[in-house]
Amino acid sequence: MTVGDFFDSPASAQFSAVIGNPPYIRFQDFSGEARAKARSASLRGGVALSGLASSWAAFTVHGALSLQPGGRLGFVLPAELLHANYAAPVRRFLFENFARVDLVLFEERVFAEAETEALLLLADGYGGSTDHARIRQITDAASLGLDLPMAATWTPSDPAAKWSGSTVSPEAAGIYSKLILSGTFTALKDWGETTLGMVTGNNKYFALSPERVAELGLRPRDVLRLSPPGSSHLRGLEFSTRAHTELGRAGKRTMLFRPSGDPSDAALSYIAQGEADAVHMAYKCRVRKDWWRVPLVSKADLLLTYMNADTPRLTTNSAGALHLNSVHGIYLSAEHREVGRELLPVAALNSVTMLAAEFTGRAYGGGMLKIEPGEADLWALPSPAAVADARDELLAIRPQVAGKLRNGNVLEAAKLVDDVLLVRVLGMRRPDVAELRNARAALAGRRESRSRRANR
């Protein structure tokens, strides 16, 4: 037995099999010489890993490079292999260098104490290539000793793209792929641009309730209209001026302290209080010329929730409020702005787009689904042409959809949209819609059940 740094071992073709459970060290803690060695090792396999890559990615490539032709690789890996953007070159590497790629997915967490899911990567025939993976899904690690279920075949259009679609039935994956390839559904980036919200450096200081603004004696020029921190108020179709006002009356922090021009005397007093409380020493504050002048973003057309217990929501920003980095802003292109502001929040509540969110986003602790701006860019929504064609029908059901959402009935709202957009306008078969709806429910249920088990 040899004990040492894995990356100090030359990656020569000497083994018929390599097995392991590499460390899942996040990029924040994977630095210095260790990261340099890992990146060099992966580059020898033609894989350029980004600075966001966790350590397992380089271990996988280096392990494969140690195989003889026809050799086998068996690794316990995090499920980030399926969906992380930084894992894209690893996914491509596996398809281009192995004749067979098998994945075993688990319904329950293999390592209860870990924050991430695990899966088994079983790659065979080193030196070959393939265009598909075989997927098996089992309950838990104990089930590995039993007869494994028949494998489903997953053939991604691009090996580097996310493999999240491998976790649904072949029927659902096929229906979904046809809708994307036909252009009926298109990426959100075709509608416009998704950006992060403002980073204040201290939301408790900068985000104020109207009552607090009055108490401090701040002038209108000292504050700006703000979507309050968080996103619980963005679960409907529209964030209106009336909703903004009502939130303020309820004590929510709907104003941003951000003096324009010369601060008023009251604002100067508040700035002095902030300095006494060392607010100005926070990193985001101290790097500014005027620490109390938060860099602004433009008022977004739509607001997108990025931490979700159910599914990401788009909300029309009729209030013209600024947004913090607890939500994302969507800036629609000029040609799509009118129809997008009016109808995209309704049209997005369909089973195709909700399934796409499970593919595109990432499952986090507590069963939450997180979607970053780069991921949101690729989120599949009805095309502008499809929404325009369905305009009259969507407008007709908009009040009903809004009512369902007010009562927390997201799935009932989605069924209304499915019947209009998918069935009546796009001509989809009801059994196909049901297949997609069931696939989305299965993925969401899996995400939620893992959270319940983790909390036992």
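Find the helices (runs of 4 or more DSSP H) located wholly in segment 324-402 whose residues include 1 or more that are at pLDDT 95 or above and of a type outside the set (Lys, Arg), and list them.
Numbers: elements: 337-347, 351-360, 373-376, 384-389.
By residue number, 337-347, 351-360, 384-389.
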State all residues of segment 283-332 that are within 30 Å of ILE271 (Cβ to Cβ) and among the aliphatic types (A, V, I, L, M); if no residue qualifies, say none. VAL287, VAL294, LEU296, VAL297, ALA300, LEU303, ALA319, ALA321, LEU322, LEU324, VAL327
Taking segment 328-342 and keeping residues surrounded by fewer than 23 Cβ atoms within 10 Å (Cβ to Cβ) and of a type outside the set (Ser, Thr, Tyr) leaves LEU332, ALA334, GLU335, HIS336, ARG337, GLU338, VAL339, ARG341, GLU342
Can you pull out the residues in segment 220-243 that are touching a residue at least 24 places away in the same chain (Cβ under 8 Å) and exposed (fewer than 15 other Cβ atoms within 10 Å of the Cβ)? ARG221, THR241
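For LEU304, state whether it is in contact with a strand residue (DSSP E or B) (Cβ under 8 Å, 6 or more places away or on another chain), over 27 Å from LEU369 (Cα atoms) and in a strand (DSSP E or B).
no
Yes or no, residue by residue, for (1) in the same structural domain as GLU108 (by TED's automatic domain parsing); (2) under 22 Å from ASP5 (Cβ atoms); (3) of a type outside the set (A, V, I, L, M); (4) at pLDDT 90 or above:
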{"residue": "ARG44", "(1), (2), (3), (4)": "yes, yes, yes, no"}
{"residue": "VAL47", "(1), (2), (3), (4)": "yes, yes, no, no"}
{"residue": "SER54", "(1), (2), (3), (4)": "yes, yes, yes, no"}
{"residue": "PHE75", "(1), (2), (3), (4)": "yes, yes, yes, yes"}
{"residue": "LEU81", "(1), (2), (3), (4)": "yes, no, no, no"}
{"residue": "VAL90", "(1), (2), (3), (4)": "yes, yes, no, yes"}
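Let's see how each residue does on (1) of a type outside the set (D, E, K, R); (2) touching a helix residue (DSSP H, G or I) at 6+ places or on another chain (Cβ under 7 Å):
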residue: GLU393; (1), (2): no, yes
residue: ARG398; (1), (2): no, yes
residue: ALA402; (1), (2): yes, no
residue: GLY408; (1), (2): yes, no
residue: ALA413; (1), (2): yes, yes
residue: LEU416; (1), (2): yes, yes
residue: LEU421; (1), (2): yes, yes
residue: ARG430; (1), (2): no, yes
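Considering LEU426, LEU436, LEU443, which residue is more than 22 Å from GLY183 (Cα to Cα), of a type outside the set (Asp, Glu), touching a Ser or Thr at 6+ places or on another chain (Cβ under 7 Å) and surrounded by 19 or more Cβ atoms within 10 Å (Cβ to Cβ)? Before the answer, list the steps.
Details: LEU426 fails: more than 22 Å from GLY183 (Cα to Cα); LEU436 fails: more than 22 Å from GLY183 (Cα to Cα).
Only one candidate passes the filter, namely LEU443.
Taking into account only those residues within segment 222-243 that are in contact with a Gly (Cβ under 9 Å, 6 or more places away or on another chain) and outside any loop (DSSP other than H, G, I, E, B), which is nearest to ALA300 (Cα to Cα)?
We begin by selecting, within segment 222-243, every residue in contact with a Gly (Cβ under 9 Å, 6 or more places away or on another chain); these are 225, 227-228, 235, 241, 243.
Then drop every residue that is not outside any loop (DSSP other than H, G, I, E, B), which leaves 225, 241, 243.
Details: ARG225: 13, THR241: 14, ALA243: 17 Å.
Ranking the qualifying residues of segment 222-243, first place goes to ARG225.
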Out of VAL76, VAL101, I need the residue that is in contact with a Ser or Thr (Cβ under 8 Å, 6 or more places away or on another chain) and either small (Gly, Ala, Ser) or crowded, with 17+ Cβ neighbours inside 10 Å (or both). Which one? VAL101
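The values are calculated or read from the model by the stated rules, or taken from the named source; none is laboratory data. Just so you know, these numbers come straight off a predicted model, no measurement behind them. FYI the Cβ positions are ideal-geometry reconstructions off the backbone, even for glycines, and counts take in every protein chain you see.
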